[in-house]
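Laboratory data are not the source of any read-out in this text; all were calculated from the coordinates shown. Keep in mind it's a predicted model, so treat the numbers as computed, not measured. Reconstructed Cβ throughout: ideal geometry from the backbone, glycine too, with neighbour counts over all protein chains shown.
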Amino acid sequence: MALVPLRKRSEFLKAAKLGNKAVAKGLVLQVIDNDVEEQQRIGFTVSKKVGNAVQRNRVKRRLRALVAEIIPQKAKKSRDYVFIGRRSALSRDFADLKKDLKYALHQTGSYKENGKNNP
């Protein structure tokens, strides 16, 4: 199953307003249930506070790689995930970013234990 991107600003705002939030050193994760069964929708955002366009794009690339590796197997379905990149994601080790993501999934109640999709 492919990850579906969030495109509309309203989807990002809904996750920010109504969703669960977890803050880690390298990223912020916002999670909200969606209406689409068995589908994980993903959105990325990195503000100008992080740096110039090159730095922001690097953070997004690192987050995309992280998400492609972790979310399909370890995150619950039928949810929207919004990832907000932080400045420390530029220099943070990739293994530490993985730990950040797993921590954030646990904090938001979105982590699948033993491959099960418990609601």
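For His106, all conditions in the list (1) surrounded by fewer than 16 Cβ atoms within 10 Å (Cβ to Cβ); (2) more than 19 Å from Arg7 (Cα to Cα); (3) touching a Lys or Arg at 6+ places or on another chain (Cβ under 9 Å) hold save one; what is the number of the exception?
(3)
Here are some residues: Lys8, Lys49, Lys25. Which one is touching a residue at least 60 places away in the same chain (Cβ under 8 Å) and over 16 Å from Ser78 (Cβ atoms)?
None of the other options fit; the residue is Lys25.
When you look at Arg62, is it buried (at least 18 other Cβ atoms within 10 Å of the Cβ), closer than 23 Å to Arg7 by Cβ, out of contact with any Cys (no Cβ under 9 Å at 6 or more places or on another chain) and not β-branched (Val, Ile, Thr), yes or no? Break it down stepwise before answering.
Numbers: buried (at least 18 other Cβ atoms within 10 Å of the Cβ): yes; closer than 23 Å to Arg7 by Cβ: yes; out of contact with any Cys (no Cβ under 9 Å at 6 or more places or on another chain): yes; not β-branched (Val, Ile, Thr): yes.
Answer is yes for this residue.
Do we find that Lys60 is among the charged types (D, E, K, R) and within 15 Å of Val82 (Cβ to Cβ) in this structure?
For Lys60, the condition - among the charged types (D, E, K, R) and within 15 Å of Val82 (Cβ to Cβ) - is met.
Might you check whether a residue that is free of Cβ contacts under 8 Å to residues at least 24 places away in the same chain and hydroxyl-bearing (Ser, Thr, Tyr) occurs anywhere in segment 81-93?
There is at least one residue in segment 81-93 that is free of Cβ contacts under 8 Å to residues at least 24 places away in the same chain and hydroxyl-bearing (Ser, Thr, Tyr).
Filter segment 73-89 for residues that are farther than 14 Å from Lys102 by Cβ and surrounded by fewer than 19 Cβ atoms within 10 Å (Cβ to Cβ) and give the result.
Passing the criteria: Lys77, Ser78, Arg87, Ser88.
Looking at the structure I just gave you, is Leu27 over 11 Å from Tyr81 (Cα atoms) and either of a type in the set (A, V, I, L, M, F, W, C) or within 15 Å of the chain's Cα centre (by Cα) (or both)?
Yes, satisfied.
Within segment 24-42, can you find the residues that are surrounded by fewer than 19 Cβ atoms within 10 Å (Cβ to Cβ) and touching a Pro at 6+ places or on another chain (Cβ under 8 Å)?
none
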